[in-house]
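The values are calculated or read from the model by the stated rules, or taken from the named source; none is laboratory data. Remember, it's a predicted structure, so these values are computed and weren't measured experimentally. Cβ placement follows ideal geometry from the backbone for every residue including glycine, while neighbour counts extend to all protein chains displayed.
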Amino acid sequence: MAQYIEKADCIACGECQRRCPTGAIAAGTSSYHILPERCIDCRICVETCPEHAVHDGPELWPDPRPRRVYRVIPERCVGCSLCARACPVGAVTGEIKKPFAVDPDKCIGCGLCAEKCRKDALEQVGEPKGQEPYVIEAAACVSCGLCAAHCPVGAIRGEEPPYNYELRDVVRTPFSIDGGRCIRCGLCEDWCRVGAVRR
């Protein structure tokens, strides 16, 4: 969703413009406005505005579709629940001693269910899963935090950019991925609007 600024509520303090990681906010005569072609839907402006003048607008970036999903092979599943306990998003459900099932709308394709299964009862559908954890290119990262907000296992670290009042500037520190915790689902790459995440 691209954001927009309600002119009647905007007090032209400029805080949203200072915090915007992509320079998508421009000053007008008596208020600020958002340039949709630069907006990456990070919603920092919404959270920053002291007057709540920034609102969600029409859809700009649809949610990414999963690269891969997993499905249970019922004939092999013994209903042990190891897959369900391993799933970080609750996509695997079922009853003990009965075949479990994967909800394709919730599955993020991380493969933790298949790794835990002792009966080889889960199969992958779609793009093959990578072997290496994802990394963030520091030079390209704009510190918007979208990747961290959508990481299902909290493997991405970073802080909202603080404002340095002496320099009158936003101090940006690139986000980073903990390779030991990364489950290689690819959501961080899908959500990154500036191409800073790669394998």
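For residues in region 52-104 being among the charged types (D, E, K, R) and within 30 Å of Lys7 (Cα to Cα), which is nearest to the chain's Cα centre (by Cα)? The qualifying residue nearest to the chain's Cα centre (by Cα) is Asp63.
Of the residues Val171, Val135, only one is farther than 26 Å from Ile73 by Cα, modelled with pLDDT of 90 or more and surrounded by fewer than 20 Cβ atoms within 10 Å (Cβ to Cβ); which? Unique residue meeting the criteria: Val135. Find all pairs meeting these conditions: Cβ atoms under 8 angstrom apart; at least six residues apart or on different chains; first residue within region 117-145 and closer than 19 Å to Arg65 by Cβ; second residue of a type in the set (S, T, N, Q) and loosely packed, with under 13 Cβ neighbours inside 10 Å. Filtered contacts from region 117-145: no entries. Scanning region 21-57 for residues that are touching a residue at least 60 places away in the same chain (Cβ under 8 Å) and of a type in the set (A, V, I, L, M) yields a total of 2. Taking region 39-158 and the strands (runs of 3 or more DSSP E) fully enclosed by it, no element has 3 or more residues that are closer than 30 Å to Cys20 by Cβ, among the small types (Gly, Ala, Ser) and in contact with a Gly (Cβ under 8 Å, 6 or more places away or on another chain).
Return yes or no: is Lys7 over 30 Å from Gln131 (Cα atoms), touching a residue at least 24 places away in the same chain (Cβ under 8 Å) and part of a loop (DSSP other than H, G, I, E, B)? Yes. Ile108: surrounded by 17 or more Cβ atoms within 10 Å (Cβ to Cβ) and β-branched (Val, Ile, Thr), yes or no? Judged against the criteria, Ile108 is a match.
Among the residues of region 164-174, none qualifies, meaning not one is part of a loop (DSSP other than H, G, I, E, B) and within 11 Å of the chain's Cα centre (by Cα).
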